[in-house]
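I have placed the structure first, in the form of structure tokens, so that the comments after it can refer back to it.
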Amino acid sequence: MSTITLAIILMAGTGLVLGIVIGIFAKLFRVESDPRVDLVTELLPGANCGGCGMAGCSDFAKAVVAGQVPPSKCPVSSSEQVSAIARALGIEAGESFKQKAVVLCGGDREQTMRLASYNGVADCVSASLVAGGPKGCTYGCLGMGSCARKCPFGAIEMINGLAVIHKELCVGCGTCVAVCPRNVIKLVPADADVHVYCNSPLKAPAKRQVCKVACIGCRKCQKAAPEKFVIEGFKATVNYANSPLPTQEDVQAAGCPTGALLSAEEHLRIEKHDPEWSAEK
Amino acid sequence: MSKSSRNVMSFGGGIHPSVDGKSLSSGSAVRKAPLLDRYTVVISESVGKPPKPVVKAGDEVKKYQLIAAADGFVSANLHAPTSGRVVGIVDVPGAMGTSVPAIQIESDGKDEPCEPMPALEWRSAPVADLLKRITDGGIVGMGGAAFPTHVKLSPPPEKEVDTLILNGAECEPYLTADHRLMLEQPEAVLEGAAISARILGVKNIFLGVEVNKLDAIEALNKRAGDFGVTVVGLKVQYPQGSEKQLIKAITGREVPTGGLPMDAHCVVQNVGTAAAIADAVLRGIPLVERITTITGEVVKNPGNWLLKLGTPVIKAIEFAGGVTEEPGKLIMGGPMMGFAQRSFDVTICKNSSGVLLLPVSRSIAYDSTGCIRCGRCVQVCPMNLLPCLLGNVIESERFDLAAQNHVMDCIECGSCAYVCPAHRPLVQHMRRAKAEIRKRKK
Amino acid sequence: MSEEIKNEIKLPTGSQLVLSSSPHIKDSDSVRRIMYKVLLALLPACAAGIYFFGWRAALVMVLTMVFCVGVEALWCWLAKKPVCGTISDGSAAVTGLLLALNLPPNIPIWVCLIGAFLAIWLGKQVFGGIGNNPFNPALVARVGLLIALPALMTWWSPARGMSPTSEDAELWYSPSTIRAAKSVDTVTHATPLDAVSCATPLGVVSTTKKIMGKSIEAQENFAAVASNEQMVRYFLGCKAGCIGETSVLALLIGGVILVLCKLINWRVPVVFVGTVAVFTGIVNYFCPGVTPPPLFHILTGGLMLGAIFMATDMVTSPITSTGCIVFAFGCGIITSVIRIWGNYPEGVSFSILFMNALVPLIDRFCTVRPFGYVAKRG
């Protein structure tokens, strides 16, 4: 019995002494932290995606509190979240410009020719270093899914050897843009719905040799809506600086001969081989 | 150092590839390729700034005529390989996979040279003239990197250079182009070496040859004394022909990390480059053709060919009698460091030392498994790195750890991936890490 | 070139081209081949085990291998890993055989099954499978069993050529066994060896020390177990112990195969055995009553098996040669210390496991100087 008592007393005593020591040290070496930083960190999404250009959300919070950047610099937060942060700190929310990423390539396994089979690391950077990868087009999506693995929001899906971005999940942090060795992912205004899904600057015959859905620069879209499209080299792109941006009607009016001009939803459905969509066509 | 102890010099690490393949083509003398209808000369084939084209579509050109002029110091001239009409500037697949611009020339069948540059007397001509001739001749390193030779031969004054090393190791299996060159034109190689040494103002000239090419060593030794060149026999060990390992084997010096051979007071040159220098200086001929080994088990008549720049690989294979079966891999260069190609439309460049076709049976896909820590890669790494560790940290995308463990010192010789029993793609990992680290530094 | 000749030339179409990073040629060795070569190198030891302990030993070896492969397959199936690929590399079979060689010949079969679970599951798969285990799986199982089931794991049956009626019987058998054997012998002329247990040489030494201390009797006993005649018997394999430990000769043949196939770093067994020899030699020279001479230590117990096959395991030993020397030296010291002063008669398994734990540290400090790093430091 006495052994048990002794053990209990010893344990309690040790705990007490250690507790006092910890308490003293906590007081002595306390790190002063700004409570506002914690508050802002809490209001931020906490994805640590790095889309703001800083190491993570708490770094961004420090910068916001210090007044170095406006809260709207966070690409992930919605405008309500941004204004909540601004209200809490009593500062201006800043100009908010929402962007979303888009993979400007429609060349999945069936559309784009493969010149060779590839044996190596399943990573886009690695593959692009081996003779530019197995795909016939050296400008399009490599399809190894490096961006999908890196996306902090799970917004990128690999369908049939092509990266496809789910618009509703994308927050425009730009992680994928930095990862892609082919620079085929671009950040565009969030409300842009129609894109020219081609990234190749080559001449039309060279593109057609390897890809069925390349933009051949026929200017049909530009003729249909001159201010909404621009031709750069041998390829059309949506004029993202112009307002209004092209819509589904413009796609129909243009009648793209190769099918490179699509709305984001159509792009997703083609890749998924949606039978309903095929029937509509 | 006595001559006998120099007999088989080497470095630490390295491998002895079980496949040698040199016997396929080492016995065949260099043959001159027949004239083609069309040549596609890649413009940006050398390291540094691509030269600027000085011809346009429709121009008539003569053989040896300048078609693209060097743009800046680290850039090399380009000359017409034959006479004919310029078709235009077209995009062709480059050796690295991306499309590159090239000047296409339609041959007129006459192969008519233009007025040649005057021959120089190398022992008496001013050094500046010799250097200018090498610049004019568009000479680049023909061993692999295609670095402009005139840059290599004009080291900054603060770097003291006392040794010139000629690289005739040719440690890559299958390749025999340098071997045949040393055997058939030993004088051109030695002349080029002497000219380079005179430009650099150095007295120590070594020519390293692996001792599996005894006939070449013999041929070189006959005249080596006249040019002040010491021919050094090197142990047959891959990668003996890597610049840093060659310097270590011959002089015992180590190139400091991140440094150039001139930091170890050496300049290393390929024997092919030396022969090209001799051609430019003594005969006034710019670099428009080179010896290339066309080989592999599936090639009908493997051999060495004197090919003009811009010869499509498919034509080169035709010269060698075509193939016996469909190849599974097309490699520009040797099997250890060469680059797999996806198209037969790539063309011969100034640094194409070999075209290698491997059979399908030897191109099978390897499944890589986890590292079993056998340590073989550590034993063979000529740079004394820890490839197994690097492979693991790169696979988990810890590029900071890769940099700490000296991934940037990797020479991508492939010894580690060659011996790895788990078939890990170590070289590909290293390349990826280097690319990512360089990207981050920017 | 005429038209006909031109037509005969077959040109490649590029339909079969494969893209991969250099190098494009590879050494023919693979993980599977390495494992099969290790199995081959273990064959002499297996043969010796069967010769000295009978078919019962063969049964233990086969069943332990089957159990290990089975447990590996089960785990891979549960963890949704490719089952065939994992088993066909042969590593589970090697672990199984090594474990069997580390078990007493008369071990009950259910113990083998537990051992297989410990080796494959606790020793290997929980860490992520081959290449990731910090400890040698076979040794994890052996030590686990030794601690959990000490009686079964130290119940040694005599080897062929040992008999309770022989002259040196009092060394190996308890007095009651000898008495029983003698009485049975005279009456029925039968030797019921199956039910008889005996001591291992190291067991004798350990018991001697505990009972007699540093007395003269102890020294006499040491001299008896370490006589020249006994040494030859130990070398050939006539001694009680684990299945694989018996014949030093067979183990050495296996070691030569491994070294010739470049599967092990010869420094590990040489330094390991050398350290034990030197250490025990020093102790024996200064205090002969504490431990028998070094040759006894080399030829008995699991030292040879451990030094040649266990400490050289690729996954759990250091990757550099310097590291291997440090590792083997540590193993040797710990083995000697346990054998001379420890409570257990044998310390090879413990020493290797302990040094396995230090491998990351050894790897960290025993790196080689990368090429070209002299000038920078100076």
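Sorted by packing (mean other beta-carbon atoms within 10 Å per residue), highest first, where do B:61-68, A:125-132 land? Mind showing how you got there, number by number?
Working: B:61-68: 21.4, A:125-132: 24.8.
Going by the mean number of other Cβ atoms within 10 Å, highest first, we get A:125-132, B:61-68.
Could you work out the local net charge near A:Ala88, counting Lys and Arg as +1, Asp and Glu as -1, over the other residues with Cβ closer than 14 Å to its Cβ? Cβ neighbours under 14 Å give a net charge of -3.
Specify the residue with the greatest mean-square fluctuation among C:Ala240, C:Ala48, C:Ala223, computed from a Gaussian network of chain C linking alpha-carbon atoms under 10 Å apart. Sorting by GNM fluctuation, first place goes to C:Ala223.
For the stretch A:208-253, the list of trypsin sites (Lys or Arg not before Pro) that fall in a loop by DSSP and count at most 14 other C-beta atoms within 10 angstrom reads A:Arg219. In this simple spin-label model, placing a label point 7 Å from the Cα along the Cα-to-Cβ direction at both B:Val211 and B:Val87 gives a separation of 5.1 nm. Based on C-alpha pairs under 8 angstrom that are at least 6 apart in sequence, the stretch B:172-305 has a relative contact order of 29 percent. Cysteines of chain A lacking any other cysteine Cβ under 4.7 Å from their own Cβ: A:Cys52, A:Cys57, A:Cys74, A:Cys124, A:Cys137, A:Cys151, A:Cys170, A:Cys180, A:Cys211, A:Cys218, A:Cys221, A:Cys256. Estimated from helical segments only, the mean residue ellipticity of chain B at 222 nm is -7500 deg cm²/dmol, where each DSSP H run of four or more residues counts as -39500 (n - 2.57).
With the charge dipole of the protein assembly as shown set up from +1 on Lys and Arg Cβ and -1 on Asp and Glu Cβ about the Cα centre, the Cα lying farthest toward the positive end among the listed residues C:Ser22, C:Pro164, A:Gly133 is that of C:Pro164. Taking amide H as placed 1.01 Å from N in the peptide plane, B:Thr230 has its amide H under 5 Å from the amide H of B:Ile205, B:Phe206, B:Leu207, each at least 5 places away in sequence or on another chain. Annotation for B:Met408 and A:Arg149: the two label points, set 7 Å from Cα along the Cα-Cβ direction, are 2.4 nm apart.
Rank these for me by crowding, B:Met332, C:Met314, going from fewest to most other beta carbons within 10 Å. The partial results should precede the final answer.
On the way: B:Met332 24, C:Met314 21.
So the ranking, lowest neighbour count to highest, is C:Met314, B:Met332.
Under 5 Å between amide hydrogens, built in the peptide plane, is the criterion, and for B:Ser99 it picks out B:Gly94 among residues at least 5 positions away or on other chains.
Here the spin labels are modelled as points 7 Å beyond Cα on the Cα-Cβ line, and at B:Leu401 and A:Arg208 they lie 5.2 nm apart.
Quick check: residue separation of A:Ala55 and A:Lys272 times 0.36 nm, minus the Cα distance between them. What number comes out in nm?
Numbers: separation 217, 0.36 × 217 = 78.12 nm, distance 3.57 nm.
Using 0.36 nm per residue and subtracting the Cα-Cα distance, I get 74.6 nm.
Based on the Cβ-Cβ distance from C:Phe127 to C:Ser88, what FRET efficiency comes out when R0 is 25 Å, to the nearest 0.05? Numbers along the way, then the final one.
Numbers: r = 20 Å, r/R0 = 0.82.
Result of the calculation: an efficiency of 0.75.
Protection proxy ranking of C:210-218, C:165-173, C:297-305, by the mean of other Cβ atoms within 10 Å over each peptide's residues and highest first, is C:297-305, C:165-173, C:210-218.
Would you mind classifying chain C by shape? Square roots of the alpha carbon gyration tensor eigenvalues, ordered a ≥ b ≥ c; an a/c under 1.5 is rounded, otherwise it is prolate if a/b is larger than b/c and oblate if not. Intermediate values should be presented prior to the final figure.
Details: a/c = 2.36, a/b = 1.71, b/c = 1.38.
Prolate, because a/c is 1.5 or more and a/b exceeds b/c.
Rounded to the nearest 500, the helix-only mean residue ellipticity at 222 nm of chain C stands at -18500 deg cm²/dmol, with each DSSP H run of n ≥ 4 adding -39,500 (n - 2.57). Across peptide B:421-432, the mean count of Cβ atoms from other chains lying within 10 Å of each residue's own Cβ comes to 6.
Once the C-beta distance of C:Ile211 and C:Phe365 is scaled by a Förster radius of 45 Å, the resulting FRET efficiency is 0.55 to the nearest 0.05.
3J(HN,Hα) along the stretch A:129-140, derived from phi through the Karplus expression 6.51 cos²θ - 1.76 cosθ + 1.60 where θ = phi - 60°, amounts to 7, 9, 6, x, x, x, 6, x, 8, 8, 10, x Hz, with x in place of Gly and Pro. Taking 0.36 nm per residue of sequence separation and removing the Cα-Cα distance, the A:Phe25/A:Glu265 pair yields an extension gain of 80.5 nm. Across peptide C:311-324, the average count of Cβ atoms from other chains found within 10 Å of a residue's Cβ is 3.
Legend: mean number of C-beta atoms from other chains within 10 angstrom of residue C-beta atoms, peptide B:10-23, equals 2.
Check every DSSP H run in chain C and write down those whose alpha carbon atoms cover 27 angstrom or more along the long axis and whose mean Kyte-Doolittle hydropathy is 1.0 or greater. Working shown, then result.
Details: long enough: C:31-53 (32 Å, 1.40); C:55-78 (34 Å, 1.72); C:267-286 (28 Å, 1.55); C:321-341 (30 Å, 1.60).
Helices meeting the span and hydropathy rule in chain C are C:31-53, C:55-78, C:267-286, C:321-341.
Between C:Trp110 and A:Arg36, what's the calculated FRET efficiency when r is the beta-carbon distance and R0 is 60 Å? Round to 0.05.
With R0 = 60 Å, the Cβ-Cβ based efficiency is 0.35.
Once you sort the root eigenvalues of the Cα gyration tensor of the stretch A:35-89 as a ≥ b ≥ c, which label holds: rounded (a/c under 1.5), prolate (a/b larger than b/c) or oblate (the other case)? The shape class here is rounded.
Could you compute the net charge surrounding C:Pro318? Neighbours are other residues with a C-beta less than 15 Å from the C-beta of C:Pro318; K and R count +1, D and E count -1.
Details: positive: B:Arg373, B:Arg376, C:Arg267, C:Arg364; negative: C:Asp313, C:Asp363.
My count for the surroundings of C:Pro318 gives +2.
Per DSSP H run of at least 4 residues, take -39500 (n - 2.57); add these up for chain A, divide by its residues and hand me the 222 nm value, nearest 500 deg cm²/dmol. Mean residue ellipticity at 222 nm (helix-derived): -10500 deg cm²/dmol.
Which pairs in the list A:Lys150/B:Lys441; B:Lys32/B:Lys350; B:Lys63/B:Lys350; A:Lys135/C:Lys26; C:Lys81/C:Lys124 are over 18 Å apart, alpha-carbon to alpha-carbon? Numbers along the way, then the final one.
Working: A:Lys150/B:Lys441 20 Å; B:Lys32/B:Lys350 16 Å; B:Lys63/B:Lys350 16 Å; A:Lys135/C:Lys26 26 Å; C:Lys81/C:Lys124 14 Å.
A:Lys150/B:Lys441; A:Lys135/C:Lys26, as the Cα separations exceed 18 Å there.
Computed from backbone phi, the HN-Hα couplings of the stretch A:154-161 come to x, 8, 9, 10, 8, 10, 6, x Hz, rounded to whole numbers (Karplus: 6.51 cos²θ - 1.76 cosθ + 1.60, θ = phi - 60°; Gly and Pro given as x).
Values quoted throughout were computed directly from the atomic coordinates according to the rules given, and no laboratory measurement underlies them. From a predicted model like this one, the values you see are computed outputs, not experimental measurements. As a convention, Cβ positions derive from the backbone with ideal geometry for all residues, glycine included, and neighbour counts pool all protein chains shown.
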